[in-house]
Amino acid sequence: MTEKKIQKINGVRGMNDLLPADAAQWTHLEHVLRDLTRAYGYEFLRTPIVEATAVFQRGIGEVTDIVEKEMYSFEDRLNGEQLTLRPEGTAALVRSVIENNLLYEGPKRLWYTGPMFRHERPQRGRYRQFHQFGIEALGFAGPDIDAEIILMGQRLWDELGLKGVRLEMNSLGQADERAQHRAALVTYFEQNASQLDEDSERRLLINPLRILDSKNPAMQELIEGAPKLLDFLGEESLAHFNAVQDLLKANNIPCKINPRLVRGLDYYNLTVFEWVTEELGAQGTIAGGGRYDPLIERMGGKAAPACGWAMGMERVLELMKVSKSLPEAAPLCDVFVLHQGGETLTAGMIIAERLRSAGIDTVLFCPPDGHSASFKSQMKKADASGAAYAVIIGLDELVKNEAQLKDLRGTGEQRAVPLEGVLEAVIDALVGSSE
Ligand code: HAM
């Protein structure tokens, strides 16, 4: 009889597991992010991973790559609701802020983190499930808050030791200014229609701004000469943009004005910015954001200004790796407990619990076969755990109501201690070795 091999089931393409070897790096990043948000008075807000599809259609805009092509949308089988796995955090957060009336008492500074989903072609730095950290300041109209959120980003890159991050900024002005620019663009491209490639001819009819994104080298000269939005900004928009730049300069934040910077989401006005690096290949934007004054009203709330940004956590961790600023992996535990099964296991388990109650991270050896294992193989595990000390409870020791305490990282010294005194001996040893 031929045995049929059971097929294994793989994860979904573009959606990654976080493996134990990388977990400490994520925890480190999360700690830094928590400290950063506290330092600036931002409060945490968590929204569900699934929202009504309309949240993103209306929030991000129907004619965007995200909404047109990249959303994981489905119909709820039970009640027919149209639902979507969130592709970003801003629209969902604004939905929650409106629904919970959070701006009732005035402006709010908020932050969030979690998985986002976009059906893009996976490659280095681009995944179908990825994680964002984002901050959103709602209810503030002035350029001071634009500058504040950018300072937060710069502080974060410094804190994480990231190298080679550049801030690029632009102003998208207001809707009427963009309309005038768009009309000028259409005229310009129509006048130069013979130089347009097939893709751009199509874009001219649907969304002429997208021609500016063309990667076709033959189109670059034409694009270079196209009218720039910055030249269409009115006095107020320019004053806001200049004030942001002045505040950044006063805080020694270098910034490159990129008149071609447009964002892939439709809710922005005035200031938009991205932090980019050349170190990560094609997916070099580690974070992006800007002001989105029209969004709250567009989502059904009382009109209020807002701005924020979000970063890709995978990309930031990758850049930390390139910048060699990832923290060293911490040991698994402080103490590893070895035993010979039976009564020695019982004694070991009691001691391990006592150590943990005192805040000492402890791993108790568990034999894979459910019985026992040689001290030699247990000691290999103890060494690999990175523990500073091993507590060894053999049958001989147990008879004498003792355990052996072995230094695993320093001198290798081993000595007998009374079972009742293991906790005190371990504390003394740990304090002694940290002095
Ligand atoms: P976004 O530019 O679409 O903006 O995404 C922000 C960041 O998320 C990107 O700069 C990138 O680092 C990361 N990211 C985006 N897509 C992927 C992907 N497929 N794989 C890995 N990382 C990715 C927003 O989402 C806005 N909500 C930002 C914002 C907040 N604007 C105002 N407030």
Seminar exercise, completed: Just one listed residue, out of 7, 25, 82, is in contact with a helix residue (DSSP H, G or I) (Cβ under 9 Å, 6 or more places away or on another chain) and farther than 30 Å from residue 155 by Cα, and it is 82
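Identify all residues within region 332-372 that are touching a residue at least 60 places away in the same chain (Cβ under 8 Å), in a helix (DSSP H, G or I) and not hydrophobic (A, V, I, L, M, F, W, C); write none if there are none.
Result: 354, single match.
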Problem set entry | Residue that is modelled with pLDDT of 95 or more and acidic (Asp, Glu), where the choices are 328, 297 | 297
Seminar exercise, completed: Note on region 28-74: residues open to solvent by 80 Å² or more (accessible area, probe 1.4 Å) and within 14 Å of residue 116 (Cβ to Cβ) are 46
Exercise. Out of region 373-431, which residues are open to solvent by 20 Å² or more (accessible area, probe 1.4 Å), polar (S, T, N, Q) and either within 16 Å of residue 354 (Cβ to Cβ) or in a helix (DSSP H, G or I) (or both)?
Worked result: 377, 401
Problem set entry | Residue list for region 267-310, filter: of a type in the set (Lys, Arg) and near the ligand (Cβ under 9 Å from one of its atoms) | 291
Problem set entry | Residues of region 249-266 satisfying the condition of being at pLDDT 95 or above and either more than 27 Å from residue 318 (Cα to Cα) or within 14 Å of the ligand (Cβ to nearest atom) (or both) | 249, 250, 251
For this session: May I ask you to verify whether residue 149 is surrounded by 15 or more Cβ atoms within 10 Å (Cβ to Cβ) and under 22 Å from residue 264 (Cα atoms)?
Result: yes
Problem set entry | Residues satisfying the stated conditions in region 86-120, i.e. within 9 Å of the ligand (Cβ to nearest atom), under 17 Å from residue 136 (Cβ atoms) and assigned to a strand (DSSP E or B) | 116
For this session: Working only within region 306-361, note down all residues that are touching a His at 6+ places or on another chain (Cβ under 7 Å) and open to solvent by 20 Å² or more (accessible area, probe 1.4 Å).
Result: 314, 327, 345
For this session: Restricting attention to region 58-74, report how many residues are within 16 Å of the ligand (Cβ to nearest atom) and of a type in the set (Gly, Ala, Ser).
Result: 2
Exercise. If you go through region 286-303 one residue at a time, do you hit one that is closer than 25 Å to residue 160 by Cα and either assigned to a helix (DSSP H, G or I) or among the polar types (S, T, N, Q) (or both)?
Worked result: no
Exercise. All but one of (1) open to solvent by less than 20 Å² (accessible area, probe 1.4 Å); (2) away from the ligand (no atom under 12 Å from the Cβ); (3) aliphatic (A, V, I, L, M) hold for residue 183; which doesn't?
Worked result: (1)
Problem set entry | Qualifying residue in region 121-142 (condition: away from the ligand (no atom under 12 Å from the Cβ) and touching a Leu at 6+ places or on another chain (Cβ under 8 Å)) | yes
For this session: For region 75-85, indicate whether the set of residues that are within 14 Å of the ligand (Cβ to nearest atom) and open to solvent by 30 Å² or more (accessible area, probe 1.4 Å) is non-empty.
Result: yes
Seminar exercise, completed: Apart from one, (1) of a type in the set (S, T, N, Q); (2) modelled with pLDDT of 90 or more; (3) surrounded by fewer than 16 Cβ atoms within 10 Å (Cβ to Cβ) all hold for residue 170; the odd one out is (3)
For this session: Residue by residue through region 248-283, note down the ones that are open to solvent by 10 Å² or more (accessible area, probe 1.4 Å), under 25 Å from residue 68 (Cβ atoms) and either without any contact (Cβ under 8 Å) to a residue 24 or more places away in the chain or under 20 Å from the mean Cα position of the chain (by Cα) (or both).
Result: 263, 264, 265, 274, 276, 282, 283
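Per-residue answers, yes or no, for (1) more than 24 Å from residue 295 (Cα to Cα); (2) polar (S, T, N, Q):
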| residue | (1), (2) |
| --- | --- |
| 149 | no, no |
| 177 | no, no |
| 180 | no, yes |
| 185 | yes, no |
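Would region 29-40 turn up any residue that is among the hydroxyl-bearing types (Ser, Thr, Tyr) and part of a loop (DSSP other than H, G, I, E, B)? Give the steps one after another, and end with the answer.
The first filter runs over region 29-40 and keeps only residues among the hydroxyl-bearing types (Ser, Thr, Tyr), leaving 37, 40.
Filter once more, keeping what is part of a loop (DSSP other than H, G, I, E, B): 40.
Within region 29-40 (the criterion being among the hydroxyl-bearing types (Ser, Thr, Tyr) and part of a loop (DSSP other than H, G, I, E, B)), the answer is yes, since at least one residue qualifies.
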Problem set entry | Selection status of residue 197, open to solvent by 20 Å² or more (accessible area, probe 1.4 Å) and more than 16 Å from the ligand (Cβ to nearest atom) | yes
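The values are calculated or read from the model by the stated rules, or taken from the named source; none is laboratory data. Computed from a predicted structure; not experimentally measured. A quick note on method: Cβ atoms are made from the backbone with ideal geometry, for glycine too, and the neighbour counts reach across all protein chains shown. Keep in mind that these areas ignore ligands, DNA and RNA; they rest on the heavy atoms of the full protein, side chains included. Shrake-Rupley method; radii C 1.70, N 1.55, O 1.52, S 1.80 Å.
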